[in-house]
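Notes to accompany the following structure.
The values are calculated or read from the model by the stated rules, or taken from the named source; none is laboratory data. In this text the structure is predicted, and so the values were computed from the model without any measurement. Note that each Cβ is placed from the backbone with ideal geometry, even for glycine, and that neighbours are counted across all protein chains shown.
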Amino acid sequence: MGAGVENPGVIDLVTEDPRSGEFAVIMVESRPWRGREQRLAEVQAKTNAYLRFILDGQMRRLYPDSKGRPVRIQLDCVEAPDRDTAEFLEDLAKRVEEYAVRFVVNVLRH
């Protein structure tokens, strides 16, 4: 099973951000936002899987240096989300914040 938003059972990338001190759990969306409803359902499922990975202690076990460090879920995408998608992602970020985890969108190219 490959990486990407369409595969919620795969953690695409975990990395430490030396500038912020955060550990970033990154999901990759390489497809355009067309077919938005399906994409948003996939982003939601992958975010839920990432939260389980972070909150159940699996991340700390696999990445011991992450213990006690701030964590963010980062959505890397190849195009900027349309307005409706951006609103969905903002709402998702607010829900994720309840778990002391940041959610950010990183557009890789315009």
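Scanning the stretch 53-67 for residues that are small (Gly, Ala, Ser) and part of a loop (DSSP other than H, G, I, E, B) gives a single hit, Gly57. Counting only residues that are assigned to a helix (DSSP H, G or I), of a type in the set (Gly, Ala, Ser) and either touching a Pro at 6+ places or on another chain (Cβ under 7 Å) or at pLDDT below 95 (or both), the stretch 71-95 holds 1 of them.
Across the stretch 9-39, the number of residues qualifying as over 28 Å from Arg83 (Cα atoms), part of a strand (DSSP E or B) and of a type in the set (D, E, K, R) comes to 1.
Among the conditions (1) within 16 Å of the chain's Cα centre (by Cα); (2) in contact (Cβ under 8 Å) with a residue 12 or more places away in the chain, Pro32 misses just one, which is (1). The numbered conditions (1) at pLDDT 90 or above; (2) under 15 Å from the mean Cα position of the chain (by Cα) are all true for Asp65 except (2). For the stretch 16-48, the tally of residues that are at pLDDT below 95 and among the aromatic types (Phe, Trp, Tyr) stands at 1.
Kindly indicate which of Leu51, Leu62, Leu75 is surrounded by 16 or more Cβ atoms within 10 Å (Cβ to Cβ) and without any contact (Cβ under 8 Å) to a residue 60 or more places away in the chain.
Numbers: Leu62 fails: surrounded by 16 or more Cβ atoms within 10 Å (Cβ to Cβ); Leu75 fails: without any contact (Cβ under 8 Å) to a residue 60 or more places away in the chain.
The unique qualifying residue is Leu51.
For the stretch 96-110, taking the residues that are assigned to a loop (DSSP other than H, G, I, E, B) and either among the aliphatic types (A, V, I, L, M) or farther than 25 Å from Arg34 by Cβ (or both), the one that is modelled with the lowest pLDDT is identified as Leu108.
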